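Contents: one structure, followed by commentary.
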Protein chains: 4
Amino acid sequence: MIFASDNWAGAHPRIAQKLLEAAGTYASPYGEGDADRRVQDRLSELFEREVAAFFVATGTAANSLALASVSKTAPLIFCHPEAHVIHHEGGAVEFMTSGGKLVPVGGDGSIQGKIDPGKLKKVIARFPTDDVHVGQKVALTLSQTTEAGTVYSLDEIAELAAIAHDAGMKVHMDGARFSNAIAALGVTPAEMTWKSGIDILSLGGTKNGCWCAEAIVYFNKNDAAGLPHLRKRAANLFSKSNFIAQQFEAWLDSKLWLDLAKHSNHMAEKLVNAVKASKNVRLAWETGSSQLFIIMSDEKAAELRNAGARFYDWETPEGLENSVGAGEQIRRFITCFATKEDDIDTIARLF
Amino acid sequence: MIFASDNWAGAHPRIAQKLLEAAGTYASPYGEGDADRRVQDRLSELFEREVAAFFVATGTAANSLALASVSKTAPLIFCHPEAHVIHHEGGAVEFMTSGGKLVPVGGDGSIQGKIDPGKLKKVIARFPTDDVHVGQKVALTLSQTTEAGTVYSLDEIAELAAIAHDAGMKVHMDGARFSNAIAALGVTPAEMTWKSGIDILSLGGTKNGCWCAEAIVYFNKNDAAGLPHLRKRAANLFSKSNFIAQQFEAWLDSKLWLDLAKHSNHMAEKLVNAVKASKNVRLAWETGSSQLFIIMSDEKAAELRNAGARFYDWETPEGLENSVGAGEQIRRFITCFATKEDDIDTIARLF
Amino acid sequence: MIFASDNWAGAHPRIAQKLLEAAGTYASPYGEGDADRRVQDRLSELFEREVAAFFVATGTAANSLALASVSKTAPLIFCHPEAHVIHHEGGAVEFMTSGGKLVPVGGDGSIQGKIDPGKLKKVIARFPTDDVHVGQKVALTLSQTTEAGTVYSLDEIAELAAIAHDAGMKVHMDGARFSNAIAALGVTPAEMTWKSGIDILSLGGTKNGCWCAEAIVYFNKNDAAGLPHLRKRAANLFSKSNFIAQQFEAWLDSKLWLDLAKHSNHMAEKLVNAVKASKNVRLAWETGSSQLFIIMSDEKAAELRNAGARFYDWETPEGLENSVGAGEQIRRFITCFATKEDDIDTIARLF
Amino acid sequence: MIFASDNWAGAHPRIAQKLLEAAGTYASPYGEGDADRRVQDRLSELFEREVAAFFVATGTAANSLALASVSKTAPLIFCHPEAHVIHHEGGAVEFMTSGGKLVPVGGDGSIQGKIDPGKLKKVIARFPTDDVHVGQKVALTLSQTTEAGTVYSLDEIAELAAIAHDAGMKVHMDGARFSNAIAALGVTPAEMTWKSGIDILSLGGTKNGCWCAEAIVYFNKNDAAGLPHLRKRAANLFSKSNFIAQQFEAWLDSKLWLDLAKHSNHMAEKLVNAVKASKNVRLAWETGSSQLFIIMSDEKAAELRNAGARFYDWETPEGLENSVGAGEQIRRFITCFATKEDDIDTIARLF
């Protein structure tokens, strides 16, 4: 019963099988192989627009190199205070941008994990263009789904993107859980990205069935001009890039990615129902995606862990201090492509 | 007939099979899984000493992060002028060290690809310790096998390492083709590394049968203290690090790595014999490993390529200008774990 | 009537005279001259402890290099959200630390410009030691006087420093207006620095009578080990460092620095009295130093500017929105060593 | 008898006097003052073209920021192997360019300190455009006068600049001793810079009569677009930039800079004559500028030092090993604006 994170599982059988088959073949290295080219085409189809896609080793690489590729000297990048890029990437964005600054823009307290448009405008105003003392505004980055498991609506994305564009910035989406957001909203990849104002996407396959498949997707080729040198310099250009391409190909084939995301979201829904049916545990907030935040007592948490369940304790976000009682804490549960209905049933009985 | 590089092949069947089997399991992410730990132990056995090993995405990552981990402000790193780190890694070492300088130290012209000890001493002397104007000497890096396909003897390694140590530096080995060197010398991994003065090794599995398996191996744990933060910051910490561990485990199992290297060296020997038997082509210099440098006419090269052979043209190294006639050029041929005897026979007939 | 900033004035006559006299002499370059050594001794006397002092070109250089010298990979530096280092130094700290992160720690709203100890503890707790995903805690930096013109008491400094030390961090003081703080508190330089827990000081002479005289002062020589290479690499090692040394010598002589700071604080007091005596303008908050924040109407501001006064408009800090009426704004007035009593009298009449 | 370097002297009386007079005035900070603007105009006159000039703290800052301002990711900068930027600036260029590589291009052995056009072409050819593995060619940098005291002719500059431009690079001149070169060649500043293909100049006043006056001069304003943010981030934007402007103004006034350079060159000529008249010492090579390289015995050097002379020992350049006998060494003597005829006479008698 692994609910710790969606990077504990291995790979989906169809992806593993594809790799096995490709093992005996030759391919041009460094992204020049046939499969690399096919994935470019498949992604262009998926996004209903010609895109430029680049494979990298990790989600952190995707985020930090995407942001670096649209940076200038002393760049300012606006993000949510709990964003993965600012709090959990070990300084990668700051390093890849040679000293960029991530400027936190809080939510309004009621919408966990989302940037508030009014606050974004106010914070941006503090950084006048052409003032060498403050640096240069270059990008807004949104996580979809958010670190709090919530999902921006298309309108919310569009509103934030418009503010960023008005300030001369690019808009980046951290799509480590892109598939889950698409499955949750029931929209197309095009709608959730460039049609809503997204310029660059970190597209994550690793958390949704692949061993290691992360790509930076540019919706405007011009934005991608600097990426190849940045990626090589950051030691993120795979020689046998074919092994990433093969994974992505299997992942895109017959919309495997979407089926897997629907499955994990569905498992999460069942888990929500189990929480709601229990007297001992309760949701900290609603998410609508594959991440759940459940308030439970330390006793109950220990009991579940003794029964073999794995999940993380979660820090109480600002504004929710009063929702969490003494001896209680928020715990994060994540479902994924590999989660089994049995596991849900078992943990439901233990709640 | 792919002799272009050893990163064109896929993966060995035993490695592919291992990945397939692991796909259905769960593992702790970020290097904390069981297989990660097992590989640590296996490498300690292999090197007859407790080592600290860290997986990274690429050989460039291994080299640049290894060197960064023993760097100081404004570091000076001494290398051969044709070393991969100085000429073919897109500035990764300079970037990862926040502006380090690779100082080229030439060979003596007669030993292709190797640093000459006398020149090393002379160049080092130009950078006095504690002089802020010149920076800080931190490391010597050797490629084994070298970029010219040659192989340092144990004595040669030991002599260079002693000079570096005397100057207060660490010694790093770029072992992208470590296995081939071991197979060529017929020595143990311990003998070719720490017993000869090597402090840190970039151990490459990718060019010898893996999809993507690169590790930084420290023979003294203290030297590794800075690596974890550097690796994370460089976006080179895999979440599903299990997929690297599984490859390494299969690779180390029953000395698969050594068998594969012996095979590719053996194929190279046969290729050498074919060259020597031909009136049309000749060796530019002897290597003793899986890389060959063959002088042939443009006509012959075109003929081979038309027949489906893939290989690279190679720039004539300084000092060999007179060995290469008009209408001729050096071509690099590389054999690998996947090279078939048939391919050798076919090309031999075409030489 | 220049109240815009304390970097608009030239230099005090005694400092200018000293430079004139030294112009005809020779001195060893790069900090090795006799005057450089004398200033080291004079600073050790001033701080009642042997210090290591290094001249740099700007206050930004002092802050960023001081913090870089105690940094590690992916460093975390805690500061007030309005600190000069985070908001007005063009990304210098992030650059000099090769990608450090400045983590803002808010005040409690009632004490403008000061870090609240409770909040500091809470924020620090979010960054566990040895977690590669969050980076490494290295320093707390305090501005004295603060960017809001307020002055930390010795107890306040000591409390914050103790929290930082407990978390394994160094404590840095941005002393661009160090002299004004000493004059305001009536304490000794030793008391306000190392006796209260400060490890490193950016000591600013430029805003208090010098042309260009900034130094990084280490109270523990070990902390300074990395600075010389960092300073050279950052292009901040003056060849004719004698011209900085001469300024500092004149500045320290007969406590000129303290007399000048007392003068500017005294001019500020008179300005406060003028504000309090006026019906048209009022203080936004009390400061106690040479910086004043005055709420006045746009009309009044225009009137003063027409009369030749120079001062800056100031953004309303969070929490004070209700104190500033429509058509009003906060304006910052700064007095300095060169401010004349006549100027105060003139502007007082105009208030 | 200081011949150690031209940064040991203080400042010329006219420059010191100018600073004294300006001390009592106010000026807008950060390069916005009236004198800053006047110097811009004066430099445009001097160079017979509208230039964009930026003050920085040191010659190292001028070189490294000038090169950074025209850099791209993983930049390649070509220079002489003995250039100050590669050997004596503590890694500043590599740091300011976030990991740039200085590629050494040797001379032909007969012209000390100068880049050989043929070798430049050959080295450039090794770095194909658009190859991510090698980085991006951005600039050629020439030192005028060279580190060996020699002076490029206008034709030599133009030939090298044309090669660089053909490769899509900018051409930078390290003019730490710009004035001495102009005085030596008897040409105009325009002729030696943009009319010969120079795009950016590091203009040094410090070694020729100023306390601290270094500027980056752009002959095409577009090239300067990135500089302001780079300079601020590098902590090289002076607040009281007026004190640099005042020095430059005095320096440019009535061509003081040229008179001082003529004086120091003239003193060097007299020193050359003294060397030639002596049986005990001899020139290592001819320079034609204010730097002399004299071969003398250790005994003679000790004798001169005992008599109070200061000068540096100099490493024997490659190719000249046979010119320097046992017990002998090359010594560098530099004259400057402050060198007195008496000093020359005295040392001449001691030779």
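Solvent-free Debye calculation, one equal scatterer per alpha-carbon of the stretch A:148-223: log10 I(q)/I(0) at 0.20 Å⁻¹ equals -0.88. Checking every one of the GluC sites (Glu not before Pro) in the stretch C:295-351 against DSSP loop status and a limit of 13 other Cβ atoms within 10 Å picks out C:E315, C:E318.
Ordering B:F3, B:F54 from the fewest to the most neighbouring beta carbons within 10 Å gives B:F54, B:F3. Listed from fewest to most Cβ neighbours within 10 Å, the set A:F333, A:F351 follows the order A:F351, A:F333.
Across peptide B:200-209, the average count of Cβ atoms from other chains found within 10 Å of a residue's Cβ is 1.
Using a cutoff of 8 angstrom between alpha carbon atoms and counting only pairs six or more residues apart, the relative contact order for chain D works out to 23 percent. Largest first, the extents of the alpha carbon coordinates of the stretch A:38-133 on the three principal axes equal 44, 33, 27 Å.
Only beta bridges with both residues in the stretch C:77-218 are counted; by DSSP, about 25 percent of them are antiparallel. In this assembly of identical copies, the label point of B:D155 (Cα plus 7 Å along Cα-to-Cβ) is separated from its counterparts by 5.3, 7.6, 8.2 nm, sorted shortest first. Geometric descriptor of the protein assembly as shown, per residue, is 175 Å³ (volume of the convex hull of the Cα atoms). Taking every alpha-carbon pair within the stretch A:221-266, the share separated by more than 12 Å comes to 72 percent.
Can you give the longest run of chain D that contains no trypsin sites (Lys or Arg not before Pro) sitting in a DSSP loop with at most 16 other Cβ atoms inside 10 Å? For trypsin sites (Lys or Arg not before Pro) (loop position, at most 16 other Cβ atoms within 10 Å), the longest site-free span of chain D is D:127-278. For the stretch B:87-140 and the stretch C:197-225, what is the separation of their C-alpha centers, rounded to whole Å? The stretch B:87-140 and the stretch C:197-225 have Cα centres separated by 35 Å.
For chain C, the Cβ-based charge dipole about the Cα centre amounts to some 360 debye (Lys, Arg positive; Asp, Glu negative; other atoms uncharged). Over all pairs of different C-alpha atoms, the stretch D:278-351 has a mean inverse distance whose reciprocal, the Kirkwood radius, equals 12.9 Å. By the Cα gyration tensor, the stretch C:48-206 has an equivalent ellipsoid whose semi-axes, rounded to whole angstrom, run 22, 18, 15 from largest to smallest. Distances between copies of A:N280, taken at a point 7 Å out from Cα along the Cα→Cβ vector and listed shortest first: 7.3, 8.0, 9.8 nm.
Exposure proxy ranking for D:C212, A:C210, based on other Cβ atoms within 10 angstrom of each Cβ and starting from the fewest, stands as D:C212, A:C210.
Look at the dipole of chain A built from charges on Cβ: of A:A161, A:S64, A:A183, the Cα furthest out on the positive end belongs to A:S64. The magnitude of the dipole of the protein assembly as shown, with charges of +1 and -1 set on the Cβ of Lys/Arg and Asp/Glu and taken from the Cα centre, is near 0 debye. Where chain D is carried onto chain A by rotation, the Cβ closest to that axis, with its residue and distance in Å, is D:S98, 2. Taking the Cα centre of the stretch B:200-260 as origin and assigning +1 to Lys and Arg Cβ atoms and -1 to Asp and Glu Cβ atoms, the resulting dipole is close to 300 debye. In the stretch D:251-306, one over the average inverse separation of all distinct C-alpha pairs is 12.7 Å, which is the Kirkwood hydrodynamic radius. Of all beta bridges that DSSP places with both ends in the protein assembly as shown, some 55 percent have antiparallel geometry. With its label point defined 7 Å out from Cα along the Cα-to-Cβ axis, C:K340 lies at 4.1, 8.9, 9.6 nm from the matching points of the other copies, in increasing order. A simple count of charges around D:Q136, restricted to other residues whose Cβ falls under 11 Å of its Cβ and scoring Lys, Arg +1 and Asp, Glu -1, yields +3.
Coordinate-derived values only; no laboratory data. Only a predicted model underlies this, so the values are computations on that prediction, with no experimental measurement involved. Please note: Cβ atoms are built from the backbone with ideal geometry, for glycine as well, and neighbour counts cover all protein chains shown.
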